[in-house]
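Shown next, in structure tokens, is the structure this report addresses.
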């Protein structure tokens, strides 16, 4: 085993910082995001209309209170008071209804929009070529599909529409206040400027503090993760004490960062209350004076006290929205970047139809490299006729699996030509090509679904009878029927553990159910018990019947039954012939044979 | 509250600060509640046109009270909330301290993610209860008493009318909170299912593509997405309900007070100022009323979290120091502090769990200090278990293991383990500098020792090529070492520990044979007179050992030197022959 000498310092394909703190508004991204709202435009407009209603109804109540006091209470008119109270109750209930509809509707719009976006992204990712998946870890793609989209939900549901709501409410309050007394409004709201200033300063400080908190939290989590998963090392070197000492430091750093944010909060909240109190004091001092002069009424004073209280909340909220928008922009940037990725292997514009595939395969001087100029296949040429069975043998890394990947067009070759039925596979639709190929790979992959669905892969064109037929030809029908839920048994449920051999056989049944013209089989090397061994052998024979078959063979019996054996070594074809011919040759094959296929003499 | 009671000792540590916090929170509430009182007096003053100058007085009083209240509020947060952070810190330290002493077995049944969740989410939930929980409970109580007694002083009947909806509001908040929690958990659950589905689909992308199943996969994902959306909308239903219902109820009491109070004013039973005060008090009470339901939820969550944490705190490790040692640690340890390195396995039968089959069966081995012993065997033959027993990562129940003729259970755990240098099969390095990794065993080290260990393990030349040399950071943010480089760093770490017994468990699997030989030669020198145990599936690693043991299915199948085993024509000879062939093939 040669040691890998190079150090991997090169940047991975899509190495972005997960936490970009960027702009809160980016016209280009916003425009693109808004497009997803289009199908629900009608509802968006309704939602905005609802917010106008809510804003109007909630801001009219202090005004009505003023009327109740000035017109009825002061004038001792109890009938009038009762009427205005009923109107107040009416507005309250009506506002409640509107508020509920508005909140639910915005949530609904948000959910619908992100559902569309998620599906679009999912379908897009699936279309990307295999090379993309080699370079991008699954975890990162899953994060795009889940967490990043989730952030957008917050923006769609509580961001956009709620910003309108806040603005309308501020507008409504200003309208009523000004109409009651513009002088008192200016005086009462003079404190808004310091409030906005305090809020901005606070947000800025707290954002920095939270960044520290997140930084230390991440550090602490990393430490925990590392030392718990590496607990054995801690124990073996008896480093429990050192671990604790190190952890205490990190933990306290985290606590200190949190204390800092607590500090900002403990200053900010009293300041907000103080500003509110100053506003109240100003109303009493100025408004009270005017009221004594008879310019203002008591009712106006009381409604002003209520308005100034109402005024502060949306202002504080708006800064909160700013944060939501900021993270949403960062997430949408990442999502759109992924959506803009083109599939490297595209279908031809004018595809040739592959009707009634015969299964004639030809490699003509094929060169292939996963990484530029690092060829894993060098000048490979061979032809496989209809119905022929060919085995590929060779040591690990000889390039056998790459051949299979090329035939399915998971990757494109650099030089040479690859044809099926004489047609260059680049001229075919990928779907048409793959529909005729049955691929059974060595790493058995089963979905956490029922056995039936694992065989049919949810293909409705494959009826239950065919699933059962395939299973019984492969020889697992009996075993499946004995499971508690039979074909409906979930393969990954607790309690049911399928052996490696049984899992392998399910993938065989899958290939058989699809009845492909070309079969590609990468036999598993994992040791299976003798019983399964025989079953697998029989299954392979059944599987190959009447098809062009390419097998990466690990079992002697499979090889012996093949029409031709091709020996791969270091990316090249070194020997070709039947089992007997190659053994007599005394070359690579005969060595491999002794190593892998000859019975152990222990 | 049974589990939350365990927090009492933590709270006691900060008794003085907490008492101060409770005093200032009371003061703050008193001043806050005085403000509406002042305003009511001011309005009545205005109404009666008495004294224009008095308005300045009231305005200044309002600001003055707000300043006082603000200062006390600041101190409250700086005491109670800060203490909750301190307790969180203490609790987390104690938690990890408890976790790392657990037996290796514990970690087999408790995945890392689970422990992480306890250390972060659950401890946070407890802290939420300690900080905001305690603060708001107290604040609510005082606000209630203050506001209600002041309201009573104005008018008893109106007070009664005003506070009728309060219990109802608290109850509604509590119920809604509970329902939100439940729905939220369902959303989370569906979210993780969706994540799993995406994860699975993308991991199996090759199968999907090969069988042209993109459409049906999309269909499946769509189903999950839709289910997730539905759960979210269910949550939205409750959530959208919560805000309107709360302000409906609070708004309702304000209107009722306005009506009843208005009528009282008409009948000259109340002044306008007092009515204003009532309205402001109701505003002041809204938040405490809402927070009451919220606090109950908070407490329930904290209780559930504390219960989970208590399970860890109550789980006592089985493997530890001998009892005599625990009491009188110095007396015993001094007399046996120098381990020579004789190892003996006597009739060892071992299994990881009583439901599992035996991994080692009737194993008897004697290794003399200074010997190098090789262990060969297929996967699952019990090689790793064999060496794990020596460092007491697991304890045997049948048979005994002796070091220098003394049962290993009689040694202090620290002492036993520090005399063993272990290179485990799965290389695990910390994401720190190379130097810190190599010097892991030592608390204070000199650079020369690090360099020496690095040279013996043949990692020195590689390190020398890095721009930052020994300060190079490993892992996520640093350089990613190749498998072989990692293994050699791990070997250097064991060398620096200066062990009496060295265990190398398949430590050369990613190292080429030439380098392997150099390392083994270097090791031979420093390990002279000490014990070395080499595990490998590769004959080249073992062939120069003084003795080779072949394990098969947990029992010793063959034993001898390389030459004698080759002659035996058994498992060892078979593996040897195959490996020779492999070498030949590679050179073709």
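Condition first: buried (at least 21 other Cβ atoms within 10 Å of the Cβ) and assigned to a helix (DSSP H, G or I). Now tell me which residues in the stretch B:417-439 satisfy that. Spell out how you get there, then give the answer.
Taking the stretch B:417-439 and keeping what is buried (at least 21 other Cβ atoms within 10 Å of the Cβ), we get B:417, B:419-424, B:427, B:429, B:434, B:437-439.
Listed by number, the residues that qualify are B:417, B:434, B:437, B:438, B:439.
Here is a yes/no grid of residues against (1) more than 8 Å from chain A (Cβ to nearest Cβ); (2) within 30 Å of residue B:62 (Cα to Cα):
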| site | (1), (2) |
| --- | --- |
| B:220 | no, no |
| B:225 | no, no |
| B:236 | no, no |
| B:243 | no, no |
| B:246 | yes, yes |
| B:259 | no, yes |
| B:274 | yes, yes |
| B:278 | yes, yes |
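Given the stretch B:258-363, what helices (runs of 4 or more DSSP H) lie entirely inside it while holding 2 or more residues that are surrounded by 17 or more Cβ atoms within 10 Å (Cβ to Cβ), at pLDDT 75 or above and under 32 Å from the mean Cα position of the chain (by Cα)? Working first, answer last.
Values: elements: B:272-314, B:323-327, B:329-335.
By residue number, B:272-314.
Only a single item in (1) within 13 Å of chain B (Cβ to nearest Cβ); (2) surrounded by 16 or more Cβ atoms within 10 Å (Cβ to Cβ) is not met by residue A:55, and it is number (1). The helices (runs of 4 or more DSSP H) found wholly in the stretch B:121-236 and carrying at least 1 residues that are out of contact with any helix residue (DSSP H, G or I) (no Cβ under 8 Å at 6 or more places or on another chain) and modelled with pLDDT of 85 or more occupy B:134-154, B:156-163, B:165-203.
Per-residue answers, yes or no, for (1) within 14 Å of chain B (Cβ to nearest Cβ); (2) touching a strand residue (DSSP E or B) at 6+ places or on another chain (Cβ under 8 Å); (3) assigned to a loop (DSSP other than H, G, I, E, B); (4) surrounded by 15 or more Cβ atoms within 10 Å (Cβ to Cβ):
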residue	(1), (2), (3), (4)
A:540	no, yes, no, yes
A:543	no, yes, no, yes
A:546	no, no, yes, no
A:560	no, no, no, no
A:568	yes, yes, no, yes
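Here A:358, A:364 are screened, and the one residue that is away from every other protein chain (no Cβ under 14 Å), more than 32 Å from the chain's Cα centre (by Cα), surrounded by 14 or more Cβ atoms within 10 Å (Cβ to Cβ) and assigned to a loop (DSSP other than H, G, I, E, B) is A:358.
Restricting to the stretch B:194-207, name every residue that is more than 7 Å from chain A (Cβ to nearest Cβ) and without any contact (Cβ under 8 Å) to a residue 24 or more places away in the chain. Reasoning before the result, please.
Quick first cut of the stretch B:194-207, residues more than 7 Å from chain A (Cβ to nearest Cβ) only: B:196-197, B:201.
Correct list: B:196, B:201.
Might you check whether a residue that is more than 7 Å from chain A (Cβ to nearest Cβ), in contact with a helix residue (DSSP H, G or I) (Cβ under 9 Å, 6 or more places away or on another chain) and within 16 Å of residue B:309 (Cβ to Cβ) occurs anywhere in the stretch B:69-85? Checked the stretch B:69-85: at least one residue is more than 7 Å from chain A (Cβ to nearest Cβ), in contact with a helix residue (DSSP H, G or I) (Cβ under 9 Å, 6 or more places away or on another chain) and within 16 Å of residue B:309 (Cβ to Cβ).
Might you check whether a residue that is within 27 Å of residue B:362 (Cβ to Cβ) and away from every other protein chain (no Cβ under 11 Å) occurs anywhere in the stretch B:568-575? No, that holds for no residue.
Cβ separations smaller than 6 Å between residues 6+ apart or across chains give the following pairs from the stretch A:393-406 residues that are at the interface with chain B (Cβ under 10 Å from one of its Cβ atoms) to residues that are in a loop (DSSP other than H, G, I, E, B): A:405/A:411. Listed here are the helices (runs of 4 or more DSSP H) enclosed by the stretch A:195-294 that have at least 1 residues being modelled with pLDDT of 85 or more, within 10 Å of chain B (Cβ to nearest Cβ) and surrounded by 16 or more Cβ atoms within 10 Å (Cβ to Cβ): A:240-282. Number of residues in the stretch B:415-428 that are at pLDDT 80 or above and out of contact with any helix residue (DSSP H, G or I) (no Cβ under 8 Å at 6 or more places or on another chain): the value is 1.
Would you mind finding the one in B:279, B:266, B:255 that is closer than 14 Å to residue A:305 by Cα, touching a helix residue (DSSP H, G or I) at 6+ places or on another chain (Cβ under 8 Å) and without any contact (Cβ under 8 Å) to a residue 60 or more places away in the chain?
Values: B:266 fails: closer than 14 Å to residue A:305 by Cα; B:255 fails: closer than 14 Å to residue A:305 by Cα.
Only one candidate passes the filter, namely B:279.
A single member of B:385, B:379 is within 14 Å of another protein chain (Cβ to nearest Cβ) and modelled with pLDDT under 80, and it is B:379. Among the residues of the stretch B:161-182, write down those that are surrounded by fewer than 15 Cβ atoms within 10 Å (Cβ to Cβ) and closer than 16 Å to residue B:255 by Cβ. Correct list: B:164, B:168. Just one of the numbered conditions (1) more than 8 Å from every other protein chain (Cβ to nearest Cβ); (2) in contact with a helix residue (DSSP H, G or I) (Cβ under 7 Å, 6 or more places away or on another chain); (3) surrounded by fewer than 22 Cβ atoms within 10 Å (Cβ to Cβ); (4) modelled with pLDDT under 85 is not true of residue A:133: (1).
Scan the stretch B:371-389 and tell me whether some residue there is assigned to a loop (DSSP other than H, G, I, E, B) and farther than 23 Å from residue B:574 by Cβ. Quick ask: steps written out before the conclusion?
Of the residues in the stretch B:371-389, the ones assigned to a loop (DSSP other than H, G, I, E, B) are B:371, B:377-382.
Imposing the further condition that a residue be farther than 23 Å from residue B:574 by Cβ reduces the set to B:371.
Within the stretch B:371-389 (the criterion being assigned to a loop (DSSP other than H, G, I, E, B) and farther than 23 Å from residue B:574 by Cβ), the answer is yes, since at least one residue qualifies.
Whether a residue is buried (at least 17 other Cβ atoms within 10 Å of the Cβ), out of contact with any helix residue (DSSP H, G or I) (no Cβ under 9 Å at 6 or more places or on another chain) and at pLDDT below 80 was assessed, and residue A:398 passes this test.
Within the stretch A:162-193, the set of residues being closer than 19 Å to residue A:95 by Cα and within 12 Å of chain B (Cβ to nearest Cβ) comprises A:162, A:165.
Considering every residue within the stretch A:26-41, establish whether at least one is within 9 Å of chain B (Cβ to nearest Cβ) and either crowded, with 17+ Cβ neighbours inside 10 Å or under 31 Å from the mean Cα position of the chain (by Cα) (or both). Looking for residues that are within 9 Å of chain B (Cβ to nearest Cβ) and either crowded, with 17+ Cβ neighbours inside 10 Å or under 31 Å from the mean Cα position of the chain (by Cα) (or both), one finds none in the stretch A:26-41, hence no.
Given B:401, B:438, which one is modelled with pLDDT of 80 or more and closer than 23 Å to residue A:243 by Cα? It would help to see each step written out before you state the result.
Numbers: B:401 fails: closer than 23 Å to residue A:243 by Cα.
Selected residue: B:438, the only one of B:401, B:438 that is modelled with pLDDT of 80 or more and closer than 23 Å to residue A:243 by Cα.
The residue of the stretch A:66-84 that is nearest to the other protein chains (Cβ to nearest Cβ), among those that are surrounded by fewer than 21 Cβ atoms within 10 Å (Cβ to Cβ) and in a helix (DSSP H, G or I), is A:78.
Listed by position, the helices (runs of 4 or more DSSP H) enclosed by the stretch B:70-120 that each have at least 3 residues that are in contact (Cβ under 8 Å) with a residue 12 or more places away in the chain and surrounded by fewer than 20 Cβ atoms within 10 Å (Cβ to Cβ) are B:82-100, B:104-109.
The values are calculated or read from the model by the stated rules, or taken from the named source; none is laboratory data. Computed from a predicted model, the values in this text were never measured in an experiment. Glycine gets a Cβ as well: all are built from the backbone with ideal geometry, and neighbour counts include every protein chain shown.
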